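The values are calculated or read from the model by the stated rules, or taken from the named source; none is laboratory data. Since we're looking at a predicted model, the values are computed, not measured. Cβ atoms come from the backbone with ideal geometry, glycine included; neighbour counts cover every protein chain shown. Calculation scope for accessible area: heavy atoms of the full protein, side chains included, ligands and nucleic acids excluded. Shrake-Rupley method; radii C 1.70, N 1.55, O 1.52, S 1.80 Å.
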Amino acid sequence: MQASRARLFKEYKEVQREKVADPDIQLVCDDSNIFKWTALIKGPSETPYEGGIFQLAFAVPEQYPLQPPQVRFLTKIFHPNVHFKTGEICLDILKNAWSPAWTLQSVCRAIIALMAHPEPDSPLNCDSGNLLRSGDIRGYQSMARMYARLAAMPKKG
Amino acid sequence: MEDYFSSADEYCYHDYYDDDDDDRDASYGLQEIETEVPLPCTKGPSCEVITKESLLAAQREDLRRIMDLLSLKEHLARTLLIHYRWDVDKVIVVLVEKGKDKLYAEAGVTVSEHDNLSSELPSMVMCIICIEEVSATEVTTMDCGHCFCNNCWTEHFIVKINEGQSRRIRCMEFNCYAICDEAKIRSLVSARDPNLSEKFDRFLLESYIEDNKRVKWCPSVPHCGNAIRIKDDEFCEVECACGLQFCFNCLSEAHSPCSCLMWELWSKKCQDESETVNWITVHTKPCPNCNKLVHKDGGCNLVCCVCGQAFCWLCGGPTGKEHTWTSISGHSCGQYKEDQGKKTERAKMDLLRYIHYHNLFKAHTDSFKREAELKETIQEKISHLEERQSSKDFSWVTNGLDRLFRSRRVLSYSYPFAYYMFGDDSVKLEMTKEEKEIKQNLFEEQQQQLHANVEKLSLFMGEPFDRYPEDEVEELRMKIINLSVITDRLCRKLYECIENDLLDSIQLVRHRIAPYMSRGLEKASELSICWETEA
Ligand SMILES: [Zn+2]
Ligand SMILES: [Zn+2]
Ligand SMILES: [Zn+2]
Ligand SMILES: [Zn+2]
Ligand SMILES: [Zn+2]
Ligand SMILES: [Zn+2]
Ligand SMILES: [Zn+2]
């Protein structure tokens, strides 16, 4: 659809301009398909994900921005609201709380916020959800850190 | 026996007429007819018909009340009412108990404080949806103060209407739960797609029917386009402007004094067993002595089995052989005794029991159809009489016919009622055997009296009175008026018996029975529009 294409093109130009402004997010559009995007986001500081770089995949529907994009983690992550196998994300703004005022960039920001503030009550990853709910924050953090180190950090040396 | 039976007809040989009783009741009844005692609790129409044309007016009154009460705009009042299923009283209760803020929050109503924001807009505005600079004339600001370009709004509305969410289209801003102003939606959408805008309007209007427990579509097929609105109790029977009579609660045909649950079970049973049972019931009946199926084609209602047992074709009960065309000596009809079939095993008994009630039900619905055909011939008779009679008032004929229809209906549906009331445990009425027997006797006595008098009335209505001399017409007139009063009273008593003697208060909750309507089902009246005078 024209409207979604035009809007994505605008977002693309905006991203080029803002690249320096938000060093935590790097949004890249697929060369041949404007409805496919990937993003690299930095794990937020003071979380087990700190120091990691996580890759997200966006599939944008034709009705965008009236309907939300589909987003999932390509990088393995141990997080209560992310499906451990598929990388699907449980986040209200990607479902019923979606508003056309959101952009791909702001969705990335919301996901970073989710990494810092998990919602253990709607877990896609039961193990980490259970660890958090049972108050075992230390257990959760060490698991999350271990996976971040394995999957999201550049190998040293 | 009264001389009423001199012109005997083949389908009535019962007589429960009791002379002493009749005289008293007849005079009492005449009085009642003349003074036209109004039914209790009929203040204004209890049901109204809502047509395509009056649908808007129908909801105006409710909208107006809420708009006035809370000083709300129409679309907000509608949002509130849709959330509370068009129950104005409920809205008021929530308002009083929880306060305005809670009331609005629960329904997702956001009341704005940005009414004059649009006047302060600069000449060019940035729409954050399409990320485009647009002229201030090309944007729309909703009550919540959020402003986007008309193009984006229109796209948003089209998606939502097509998703079937017309009734609650929210603002596009994140975390804004405000419902968009329907006038703005309408004007934007109609500029792009007038058909869709009409669809939107229809969705909004029809919410009044679909989200409203007091309003239901008429179940007519093909659909007449009407809906019916009732005042208070949903356990009632109504007649739509299209002529269809139906039970408002379960939307099937009018079935009182059967409860909705009983009627549902009954119609299902009739469907399930129709193929086998229909053939059997139409052509054969089990012998009460040996249970062999006996075949009858034509002839009187006394049939004989090969075993030598004589029995009544109508009720299946064993009788003697002495009979006339219209009666079997010593036999009274309609009583089905369970212990007659002691020798048969349970399953077969159940089927026989069902066949028994099904036969009676079918016999009466068939009679009803036959009598409905009387309507035309009666009209002819009246015009014959009008030509030569001095008295020109023939309302007794049409009144008598109406009474016949109504009491015949009650009688028909009293059989499925009896089937479940005194039957096995499919409707869980939990009675002791003794209790059941007492109640069954009580009910069947009432039912038989009604039956006898309905048949009598049917007989009179079929008489060729247009060929009678004037004094005989007068005599028939008195008989019909008397009988009308008696059958009316018997119908009422049958209902009283059900409600007071048969079902206790707990059972009545499960088996709500639409009340007896002495004057026939209420025709839904044209909508009375009160809001214009109030405003
Ligand atoms: Zn808003
Ligand atoms: Zn726009
Ligand atoms: Zn109708
Ligand atoms: Zn019903
Ligand atoms: Zn026999
Ligand atoms: Zn005979
Ligand atoms: Zn009989």
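Among the strands (runs of 3 or more DSSP E) contained in segment A:1-119, which hold 3 or more residues that are surrounded by 17 or more Cβ atoms within 10 Å (Cβ to Cβ) and within 14 Å of another protein chain (Cβ to nearest Cβ)?
In segment A:1-119, there are no strands (runs of 3 or more DSSP E) which contain 3 or more residues that are surrounded by 17 or more Cβ atoms within 10 Å (Cβ to Cβ) and within 14 Å of another protein chain (Cβ to nearest Cβ).
Which ones in segment B:49-76 are assigned to a helix (DSSP H, G or I) and at pLDDT 90 or above?
B:Leu63, B:Arg64, B:Arg65, B:Ile66, B:Met67, B:Asp68, B:Leu69, B:Leu70
Within segment B:171-187, how many residues turn out to be surrounded by 15 or more Cβ atoms within 10 Å (Cβ to Cβ), in contact (Cβ under 8 Å) with a residue 24 or more places away in the chain and more than 14 Å from chain A (Cβ to nearest Cβ)?
Final tally of qualifying residues: 5.
For B:Pro40, which of the numbered conditions (1) within 14 Å of chain A (Cβ to nearest Cβ); (2) modelled with pLDDT under 85; (3) open to solvent by 70 Å² or more (accessible area, probe 1.4 Å) fails to hold?
It fails just one condition, (1).
Just give me the residues in segment B:286-325 being touching a helix residue (DSSP H, G or I) at 6+ places or on another chain (Cβ under 8 Å), open to solvent by less than 70 Å² (accessible area, probe 1.4 Å) and not in a loop (DSSP other than H, G, I, E, B), in sequence order.
Scanning segment B:286-325 gives B:Pro286, B:Pro318.
Mind checking which residues of segment B:213-232 are in a loop (DSSP other than H, G, I, E, B) and open to solvent by 60 Å² or more (accessible area, probe 1.4 Å)?
B:Lys213, B:Arg214, B:Val221, B:Pro222, B:His223, B:Lys231, B:Asp232
In segment B:238-259, which residues are surrounded by 21 or more Cβ atoms within 10 Å (Cβ to Cβ) and under 21 Å from B:His364 (Cα atoms)?
Matches in segment B:238-259: B:Phe246, B:Cys247, B:His255, B:Ser256, B:Pro257, B:Cys258, B:Ser259.
May I ask you to verify whether B:Arg186 is away from ligand 2 (no atom under 16 Å from the Cβ), assigned to a helix (DSSP H, G or I) and closer than 22 Å to B:Arg85 by Cα?
no
Do any helices (runs of 4 or more DSSP H) lying entirely in segment B:432-535 carry at least 2 residues that are under 30 Å from B:Leu251 (Cα atoms), in contact (Cβ under 8 Å) with a residue 12 or more places away in the chain and of a type in the set (S, T, N, Q), and which ones are they?
B:433-461, B:470-496
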